[in-house]
1. In the structure displayed, which of LYS159/LYS203; LYS115/LYS165; LYS107/LYS188 lie more than 22 Å apart, Cα to Cα?
2. Out of residues 5 or more away from TYR129 or on other chains, whose amide H comes under 5 Å of its own, with H placed 1.01 Å from N in the peptide plane?
3. Could you tell me the center-to-center distance, by alpha carbons, between the stretch 130-165 and the stretch 54-124 in angstrom?
4. Step through the residues of the stretch 181-186 one at a time and calculate ³J(HN,Hα) from phi using the Karplus curve (6.51 cos²θ - 1.76 cosθ + 1.60, θ = phi - 60°), rounding each to whole Hz and writing x for Gly and Pro.
5. Would you mind ranking VAL202, VAL135, VAL161, VAL57 by Cβ crowding within 10 Å, fewest neighbours first?
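Taken together, the values in this text are just the output of simple stated rules run on the coordinates, not laboratory data. In this text the structure is predicted, and so the values were computed from the model without any measurement. Note that we place each Cβ from the backbone using ideal geometry, even for glycine, and neighbour counts take in every protein chain shown.
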Amino acid sequence: MSEEKDINLGEIRKRYQPLRERTDRILRDSGISEGPEFRKARKKFTKEAYLAGIDEVTLLPIRSLFETRLQEELDRSERNGEPLTMGLIDLNLLRKINKKGLPEGDKALRAVAEKILASIRRTDYAARYGGDEFVIVLPHTPAAPATQIAERIRRAVEKNVFLEKDGYTLRITASFGVASYPGTAGSKEDLLRLADQAMYKVKYHTKNGVYSII
C-alpha cells in the first residue's frame, strides 16, 4: 500500500483545511461573493481537492477513493480471516437546510462529517458517498459492535442543532444501513448492495434509525 493511502483522515483534513480557509478568507476580505473572480478561486480549490481525492465541502475522501480503500480492506480481511463491516448513511430533512442556500447546506454537511469522525475509531474510514450520503468502513469489526458505532453516529446527528450560530434551529436525522463481510456479504458489490438495501428500509419507514443485515 502506498504512503498516500496510509495517511489517516486526520492527516488529510489537516492538510486541506488551511487551503479551504485561505480561499474563504481571501474571498471574504475582498468582498467577493460572486462573479468570475469568485468562481476562479473556488474552481482552483475544487480542482486541488479533487485531484487529491478529497471532497471540497467535508474534506472527507470522495466515493472513488472510498471504493478503492474498501477493496483493500476486504482483501486484508480475507487474508487475515477477520470481519469487516460497512455502513451507509443517508441524511434526512437536509432539504430544509438547502432551502436556506448553498453555504448553509455546506455547513450542515461539514457538521455531520465532524460528528461521524468524532464517533469512529482511528482505524476506521469515512467518506462522502455523494449528495447527502456518507459511508464508513470498520475493519476488524463484526456486525454487532459496528451497529453500536452506527447508532452512536445516528444519535449524535439527531441531537445536534444545525446552524444554530447562524440563527437557525434545524435538525437532521440519519437512515443507516449496515452490512458485514463475510457474515452476509462475499464481495465489495455485495456489501454496497446490502448496505444500500438496509439503509432504504430505514428511509422508507422511520427515516431515523439503524438497520443491520446480520
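1. On the way: LYS159/LYS203 18 Å; LYS115/LYS165 17 Å; LYS107/LYS188 31 Å.
Correct reply: LYS107/LYS188.
2. The answer is PHE134, VAL135.
3. Centre-to-centre (Cα) distance: 9 Å.
4. 10, x, x, 10, 10, x
5. Values: VAL202 21, VAL135 26, VAL161 12, VAL57 18.
Sorted ascending by nearby Cβ count, the order is VAL161, VAL57, VAL202, VAL135.
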